[in-house]
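Since the structure comes first, as C-alpha cells, the remarks are kept for the end.
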Amino acid sequence: MSLDERNELFDVILSEWNGAVKKLFSHDWPNISCLGNTSPHLHWHLIPRYYSPRNCYGIEFIDPNPKGNYSPYPKKDLSPEILMKIKEEIKINI
C-alpha cells in the first residue's frame, strides 16, 4: 500500500465509515483492526463498540466486554437480508 493509499484509507475511507455508522447505529467508538495472520491479503475488521445494548432492525446487539478486546465474542448470525440492509444504509450515508 502506497503512502497516498494509506492516507486515503485513514483520512477519508475509515473516517467516512465511522461517521456513517455513528449516524446510523450510535456506536460509542469504533475498533478498527487489520490482521493477516491467516489470509494472504489485506482486509479490515470495522467493529462498532457499545457501552449499552443497541437495537437495530429488531435485533439487540450487546457488547459483552465494552472496555476490553472485542474478540472472542458470542457470534450473532444475521440473515443475508439484514446484512444487505446494513451495507446499503452505510453506503447511502457515506
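A short reminder: the numbers here are calculations on the coordinates, not readings from a lab. In this text the structure is predicted, and so the values were computed from the model without any measurement. A quick note on method: Cβ atoms are made from the backbone with ideal geometry, for glycine too, and the neighbour counts reach across all protein chains shown.
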Checklist entry - Identify, please: which residue in region 43-58 is surrounded by 11 or more Cβ atoms within 10 Å (Cβ to Cβ) and either in contact with a strand residue (DSSP E or B) (Cβ under 7 Å, 6 or more places away or on another chain) or among the polar types (S, T, N, Q) (or both) and is, among those, farthest from Ile13 (Cα to Cα)? => result Arg54
Item to check | Scope region 1-22; condition exposed (fewer than 12 other Cβ atoms within 10 Å of the Cβ) and either touching a residue at least 40 places away in the same chain (Cβ under 8 Å) or small (Gly, Ala, Ser) (or both); matching residues | outcome: Met1, Ser2
Item to check | Test for Lys67: is it assigned to a loop (DSSP other than H, G, I, E, B) and of a type in the set (Lys, Arg) | outcome: yes
Item to check | Residues of region 70-87 classified as part of a helix (DSSP H, G or I), more than 14 Å from the chain's Cα centre (by Cα) and surrounded by fewer than 11 Cβ atoms within 10 Å (Cβ to Cβ), total | outcome: 2
